[in-house]
Amino acid sequence: MSDDLTHLKDAMRAATPAPSKKDADLALAMKNFDDMQNSRQGSANEARLTTDHPTITSRFTSGVIHMFHSLTTRGALAATTSITAVGIGIFLYTQQGNIRFELPKPDAVVAEVPVNEAPLKDTVEAIIEAAPDAEAPATAQIDTRRTREAAELGKEEGFAAGASAAPEAEADMVIAEIAPAVPPALTRKAAPAPMGGITSGALGYDDVVIQPEPNTEAFANADANPVKITTDTPVSTFSIDVDTASYSVMRSSLMNGYAPDPQSVRIEEMINYFPYDYPAPDANEAPFKPTVTVFATPWNAGTQLVHIGIQGTMPALEDRPALNLVFLIDTSGSMATPNKLPLLIQSFRLMLSELNDEDEVSIVTYAGSAGQVLKPTKVSNKAAIMAALMRLGAGGSTAGQQGLQQAYAVAEEMRADGEISRIILATDGDFNVGISDPDQLKDYISKKRDSGTYLSVLGFGRGNLDDATMQALAQNGNGQAAYIDTLSEAQKVLVDQLGGAMFPIANDVKIQVEFNPAQIAEYRLIGYETRTLAREDFNNDTVDAGEIGAGHSVTAIYEITPVGSDAILNDALRYQPAADTDGNGELGFLKLRYKTPGEDTSQLLTTPITTGMGEATDDIRFSAAIAGYGQLLTGGKYLQDWGYNELITLANNTKGEDAYGYRSEAIKLMRLAKSLSGE
Amino acid sequence: MRMETTDETLAQAAANGDREAFSLLLARNYDRLFGLCFRLTGARADAEDLTQDICAALPAKLGSYKHQARFSTWLYRVAVNAAHDRRRRFATHARAADGWGDWEVNRVATNKETQDGVDWLTQAMSSLSQELRDTLALTLEDEMTHREAGEVLGVSEGTISWRMAEVKKHLRVMHQEEQKA
C-alpha cells in the first residue's frame, strides 16, 4: 500500500469502535436459526434453488448506486424535514433494511395468502413498527419477487410465528424481513372495489411497472409538540392550516394494507379533513367566527381540551366572482399509472361541471415539451376543454422552467378586475418545474401570489410524493394542498368543497393563545407542528400564514392541565418559587389575526377562554376523537391506556348525521388501523 | 476437531441445519462483519444497526449460500447489499449526508494525536465518492484481493484497481494541499 493508503488504513483502524452488541446479535441470529429449523421440519425442501445470486446482486448494486446518485439531485428539493425526523427516519428505515434481503426463491406454488391468520397477525403487527409503506409500492422487481415469496410465506409461516414472538426490542428487525411479503397479500384482500373505473392506489400498486422506480416519498413533518409549562412559555402561536393531504395519504396507506408512516401524519390535517357545523358568522361581522369550547379530554381524566373552531362564511355562490383557472399538469412518464394522470383527468372533469359559464380555464402541461395545451377558454365551451383534457398523455421527462412560468403568464393574460386567478398544479411529486432550488421556487411563488395569482397543489399517486414540497408551495401560493387518492376524494376537494378550495375569504390567518399560569399548569397543542410561528410573528403582517376558503372550517385543539390536577407531568421547580399570578379566572386569551383578500394589513379578533365554556356537541367531540386517532398513529405518548377500542366507540357515538359519509369512512379506517396495529 | 474446520464447511453444515456450526461460524466472523459495516457506514450506531440486521437475516439467507464461493465473499456481498439498502432508505427520508457526513468525533479517544488522525479520516472519506468509499471499505483491511472485492461489488477486477488508483491520487492531492497550508 502507498503511504497515503497506509495512513488511511491506520486512521480507519483507530476509528473503528469495538463491537459491543455481539452477544445480543448472536442470540438473535440463533433464535432465528432455531425458528427456521422448526418450521422446516416436515417440509424438506433440499432442492431449494438458488438463483444467479451474483448477477442479481451486481445488477442491483450498480442499479442502487445509480439510483442513489440520481436521488441526490432530487434531494435538493426536499424542503422541510427536521433533523429529528432524520433520526426517526434512520430508526424506521434501519428496520426496513432487511426488505431487500429476501432472496428470490422460485416456487411453482400459487401466491395465496396463508390461511392461518395468527402468525400473519403477529407479522402484521411488525408492519406497523417497521412501517414499510415507503417500500410497498416500490418496484416491479420486488413485486415479482414477492409473488414468489408469498408462496414461501406458507413455509416460512413458522418462521414468522417464531419471529414475532421474539422480544419486542429486537422483533422489528426480523419481522421486517417477512413483512414485505405480506403487504401485497393484504392488498389483494383489502383493496377496495374500484370506483368508476378509476382505481385507488391499491390497483396501481398491483400493476406491473416495467421500470422499477425508487421510492422517494418525502413528508413534511416536525417533532410532535411537547407539553409546555405555562409559566415558562405562556404564549402559543401558529398559523392555521386547511390542507387535507395527510388524511388522504393515511387512507391510501391503510387501503394498501400497511400502517401510515408516522412521518406522513399531520394531525391538524386529519382533524380539518371533516366539515364541521360550527356557528357561522353573521353577514356584517368578520368573515369567520371563532367558537371556543372547553371539555373533558377523552383520554385523560386529569386534563381538559380547549377546542377552537373557526367557521368561514359561505357567500352565496351565485354571486361569486368569476374564476380564472390554469391547470398546470405534470405529464411526465411517471404519471402514466391509473392512479395518477387518468385519475387527474377524471377529477378535473368533475370539477368542470361545477364551474360557471363565465369562468375561464386554460391548460398548461410540463413534460418533454412544456406547452399550453388549451388557450383560455370560457367554461361555456365545455366541449373544447374536455377534448383538451382527454388528449393529455403521459410521456417524456419533466421539462422545464417553462411549466410554472408559462402558467403564471397565462394567468396574467386571463386576469381581470374582480376575478380570482388560481393555478392548480397537479403532479405526482417530482417538482421538476425548472427552478430546482426550492427556496427560489418558494420566493417566485410568493412574489406571484402578491401580484394576485394563487397556487394550489394536488398530489397524485404514491412512491414519488414530495409532500414536503407540495405543502411549501401551497403555503406560499396561498392555496390548498390536497392529495387525491380516489375519485371520491377528487369529488370532495374539487366539487363538494370547491368553494373553500377556490375562494379565499381570509388570508394569513394566525392564532395566538396566552394561557393563564394561575389556572393552567401545562398545555399542549395537538398538531400544527409544521405551522408553528414565533411569538413576534403574530403581529408581523409580512409573515405568511394559512388561508380560509369560503365555507371552510378550521379546528385547533389544546390539551390543558389545570393547576392542582393529578395529571401534571412536570414537577415544580425546586429553586424557583412558582409565580404567583392573579388571573381573573380566565383560562386563557385567544387572539386571531387575518387579512381580507387584497388587503395588506391584518385585523384582530379576540376572545377570552373561560372554564366550561361552550357546549361540547357531537361534532366537537368527533374532532377530539380524530385528534386521538392521529395521536395513536404517531405513538400516542400522552394517551395512556386509551386505545383503538375507545377511539372507535367515541367516534361511533359522535359521528352524527354524516351526510357525506366521510365519518363512517374514517371509522372504517380506524378499524383497519387497529387490525394493522395488532391490538 | 471443529477448530480446524473452514468457514465454507461450517456454512454448508449450517445451511443444512447444523446449529453449532452456525453458532461458531457467526462468532468467528462477527467482529470482521462489524468492522466492515463500520467502514461502510462511518457511524457506530449505523454500523450496529446494520450488523444486527444482517445477523438477524443470516439464517434465512444461508439457504442460498453456494459452496463454491468463499464464505467471506458471500458474507461481504450480503453486507454491501444491506448497506446500500439502508442508504437508499435513509436518503429517501433524510436527504442528509450518510455516516461519513455526520461523524461524532468525541466518540473516539480523546488523545489529540488520534483525534487529528480521525479528523483527517473524516475529511478524506467525505471527499470521496460513494463508490470509492465502498471499495475502500472492502480493501482497506488486507483480506480482500481486488478480484474478490470486484465480486462483492459486482464489478470487474480492473475497475477495482482503477478505483484504488483514483483513491491514491486523491489522497496524494489532499496531502499536497496540506503541505501547502
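The values are calculated or read from the model by the stated rules, or taken from the named source; none is laboratory data. Small disclaimer: the values here were computed from a predicted structure and weren't measured. With ideal geometry, Cβ positions are generated from the backbone for all residues, glycine too; neighbour counts draw on all protein chains shown. Calculation scope for accessible area: heavy atoms of the full protein, side chains included, ligands and nucleic acids excluded. Shrake-Rupley method; radii C 1.70, N 1.55, O 1.52, S 1.80 Å.
Key figures for this structure:
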quantity: Percent accessible area from carbon and sulfur atoms, the stretch A:640-679, protein chains only, probe 1.4 Å; calculated: 44
quantity: Rel. contact order, % - alpha carbon contacts under 8 angstrom, at least six apart, the stretch A:334-380; calculated: 31
quantity: With DNA, RNA and ligands ignored, accessible area of B:His146 (1.4 Å probe; Å², nearest 10); calculated: 60
quantity: Cα→Cβ-extended label distance, 7 Å offset, between A:Ala296 and A:Asp23, nm; calculated: 4.9
quantity: Test item: Cα-centred dipole of the stretch A:553-679, Lys/Arg +1 and Asp/Glu -1 on Cβ, debye; calculated: 420
quantity: Solvent-accessible surface (1.4 angstrom probe) belonging to B:Thr41, in square angstrom, nearest 10; calculated: 10
quantity: In the B-A interface, the accessible area buried, summed over both sides, Å² (probe 1.4 Å); calculated: 6900
quantity: Sites A:Arg320 and A:Leu573, calculated FRET efficiency, Cβ-Cβ separation with R0 51 Å, nearest 0.05; calculated: 0.40
quantity: Proximal charge balance of B:Ser72 [Cβ under 12 Å; K/R count +1, D/E count -1]; calculated: -2
quantity: Cut-off under 5 Å, modelled amide H: who pairs with A:Asn221 long-range; calculated: A:Ser82
quantity: Semi-axis lengths, Å, the stretch A:512-582, gyration tensor of Cα atoms, sqrt of 5 times eigenvalues; calculated: 31, 16, 11
quantity: Simple label model, 7 Å out from Cα along Cβ direction - A:Thr610 to A:Asp658, nm; calculated: 3.6
quantity: Test item: B:131-139 mean partner chain Cβ contacts at 10 Å; calculated: 2
quantity: Kirkwood Rh, Cα atoms: Rg over Rh of the stretch A:223-336; calculated: 1.05
quantity: Rg to Rh quotient for the stretch B:2-77, alpha carbon positions, Kirkwood Rh; calculated: 0.98
quantity: Spacing of the two label points (7 Å from each Cα toward its C-beta) at B:Arg147 and A:Asn38, in nm; calculated: 4.5
quantity: Summed side-chain charge close to A:Gln304 - residues other than A:Gln304 whose Cβ falls under 12 Å, Lys, Arg +1, Asp, Glu -1; calculated: -1
quantity: Peptide ranges B:44-57, A:588-601 listed from the most packed, as the mean C-beta count within 10 angstrom indicates; calculated: B:44-57, A:588-601
quantity: Tensor-based shape of the stretch A:558-679 (alpha-carbon gyration tensor, a/c under 1.5 rounded, otherwise prolate or oblate); calculated: oblate
quantity: Largest-first principal axis extents of the Cα set of the stretch A:615-679 (Å); calculated: 31, 25, 16
quantity: The stretch A:260-358 - charge dipole about Cα centre, Lys and Arg +1 at Cβ, Asp and Glu -1, debye rounded to 20; calculated: 360
quantity: Charge dipole of the stretch A:518-558 about the Cα centre (unit charges at C-beta), most positive-ward option of A:Val554, A:Ile520, A:Val543; calculated: A:Ile520
quantity: Solvent-accessible surface (1.4 angstrom probe) belonging to A:Thr293, in square angstrom, nearest 10; calculated: 0
quantity: Cα centroid separation, the stretch B:8-71 to the stretch A:275-303 (Å); calculated: 59
quantity: Sites A:Asp277 and A:Asp417, calculated FRET efficiency, Cβ-Cβ separation with R0 45 Å, nearest 0.05; calculated: 0.80
quantity: Where N is the number of residues in the stretch A:445-523, Cα Rg divided by 2.2 N^0.38 Å; calculated: 1.46
quantity: Rg/Rh for the stretch A:265-417, where both radii come from Cα atoms and Rh is the Kirkwood radius; calculated: 1.12
quantity: Per-residue HN-Hα couplings for the stretch A:481-490 [Karplus 6.51, -1.76, 1.60; θ = phi - 60°; Hz; x = Gly/Pro]; calculated: 10, 10, 10, 9, 9, 9, 5, 4, 5, 4
quantity: Computed lengthening from A:Lys9 to A:Arg671, 0.36 nm per intervening residue step minus Cα-Cα distance; calculated: 232.8 nm
